[in-house]
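No value in this document is a laboratory result; all are computed from the given coordinates. In this text, all values refer to a predicted model and were calculated from it rather than measured experimentally. As a convention, Cβ positions derive from the backbone with ideal geometry for all residues, glycine included, and neighbour counts pool all protein chains shown.
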Amino acid sequence: MKYFTLDQLDSINVNREHPARYAVIGKPVAHSLSPQLHQPALDALALNARYIRVEVEPGQVSTAFDKMYAAGIRGINVTVPHKLEALESCQTVDPVAKSMGAVNTIVFDSNGLRTGFNTDGPGFTRAIREDFGVDPGDLKVIIIGAGGGAGRAIATQCIVENCSQLILANRTIEKLAPIKEELISMAHRDVLEGPRDRIEILALDDPALEEAIAASELIVNTTSVGLKPIDPSPFPSRWVEPHHLVYDTIYNPSKTRLLRDSEMQGARIANGLSLLLHQGALSFEYWLNCDAPLEAMRQGVKNALKG
Ligand code: ATR
């Protein structure tokens with residue numbers, strides 16, 4: 001079964017020896033790799049639980065959460081386009097997820113009340129540590145595509161981590177001013193030491209982008225440019241230098257044009273597989289209150305991508 005619909009939820013756990021306990025919602029959802037990430041982890045811990053996909057229409061997220069809890073689901077991942085609606089459908093929302101404007105993980109209490117978290121940001125920190133051996137907080141960061149959901153989550157995490165420079169670049173510059181304002185007010189609210197005066201915004205076609213890239217240490221692509229094998233780099237990749245760390249949140253294809261060119265320029269590169277892995281591991285930790293079996297999850301997702 002690729003996915004279930006809301007109408008099918010009532011019966012998913014009737015007479016099932018291997019009950020569905022965890023799920024991802026989205027629209028479309030059939031392509032989601034979350035089951036290939038989480039099922040091996042549940043199996044590695046010998047938990048008698050299934051992880052399923054549920055397709056949910058926009059406007060139905062709160063209803064879906066109620067129905068899923070009633071059917072026996074005890075933890076939910078949320079993917080596009082539902083991350084904002086999920087935030088609005090939680091009784092409690094983690095403050096960082098609120099600043100990101102997106103919830104990707106739902107935890108239920110014993111009464112079925114929902115708390116929403118966002119593991120994309122903290123997952124990014126773990127990914128950068130794993131791939132490059134440094135904390136993003138110790139780096140000057142530029143995010144290409146900061147107006148999208150992933151870019152905003154990573155930008156928020158950079159503020160949480162107090163990184164010393166944060167440049168937000170986006171094709172549509174108008175999206176960035178409100179994000180910058182939210183980041184500054186979050187920094188003030190939480191009395192963070194970070195770059196509240198050091199957040200810059202730039203259009204992707206601004207001539208100053210070349211200099212902004214040169215002044216950065218970590219370049220993160222969160223645009224969708226690169227998803228198609230024929231896609232170009234989202235900015236002229238001849239600007240990449242050997243001192244750069246280049247992280248592309250795209251993991252399929254495993255080497256985008258940006259990563260291939262950056263490698264040729266002598267930079268260190270990594271793709272979004274580590275982010276996929278660590279955001280999932282953090283969700284798992286929220287649900288089960290134990291360390292996630294990371295290697296089982298890594299193998300699961302690698303197998304899925306090979307397939
Ligand atoms: P998500 O919310 O899932 O991250 P999204 O909202 O579609 O995805 O955002 C994708 C990002 O890719 C955005 O920053 C988008 O730029 P705009 O805000 O200008 O739309 C960026 N993007 C998509 N196609 C692009 C292109 N051809 N060139 C540059 N940026 C592009």
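Numbers below:
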item: Largest to smallest principal axis extent of the C-alpha atoms in segment 8-157, angstrom; result: 54, 35, 29
item: Estimated inter-spin distance, residue 5 and residue 227, nm [label 7 Å along Cα→Cβ]; result: 2.4 nm
item: Over segment 121-271 - Rg/Rh using Cα atoms and the Kirkwood inverse-distance radius; result: 0.94
item: Ranked packing of 247-258, 231-242, most packed first, by mean Cβ within 10 Å; result: 247-258, 231-242
item: Highest-fluctuation residue, 227, 277, 183 considered, GNM on the chain with Cα pairs under 10 Å; result: 227
item: In order through segment 87-95: 3J(HN,Hα) via Karplus (6.51 cos²θ - 1.76 cosθ + 1.60), integer Hz, x for Gly, Pro; result: 4, 6, 9, 9, 6, 10, 10, 4, x
item: Per residue, the convex hull volume that the Cα atoms of segment 173-260 enclose (Å³); result: 120 Å³
item: P(r) of segment 211-307 over all Cα-Cα pairs, binned every 5 Å from zero, in whole percent; result: 3, 13, 21, 19, 16, 13, 9, 5, 2, 0
item: Cross-link table 27/140; 27/67; 140/175; 83/180; 175/228, entries beyond 28 Å C-alpha to C-alpha; result: 27/140
item: Gyration tensor over alpha-carbon atoms, the chain, equivalent ellipsoid semi-axes in Å; result: 34, 21, 17
item: Size-normalised alpha-carbon gyration radius of segment 72-140, reference 2.2 N^0.38 Å; result: 1.27
item: ³J(HN,Hα) computed for each position of segment 176-183 - Karplus, 6.51 cos²θ - 1.76 cosθ + 1.60, integer Hz, glycine/proline x; result: 7, 4, x, 5, 4, 4, 5, 5
item: Shape category assigned to segment 1-82 from the gyration tensor of Cα positions, a/c cut at 1.5; result: oblate
item: Peptides ranked, highest mean first, by Cβ atoms within 10 Å: ranges 2-8, 268-274; result: 268-274, 2-8
item: Segment 121-271 - percent relative contact order, Cα under 8 Å, separation 6 or more; result: 21 percent
item: Highest-fluctuation residue, 77, 221, 15 considered, GNM on the chain with Cα pairs under 10 Å; result: 15
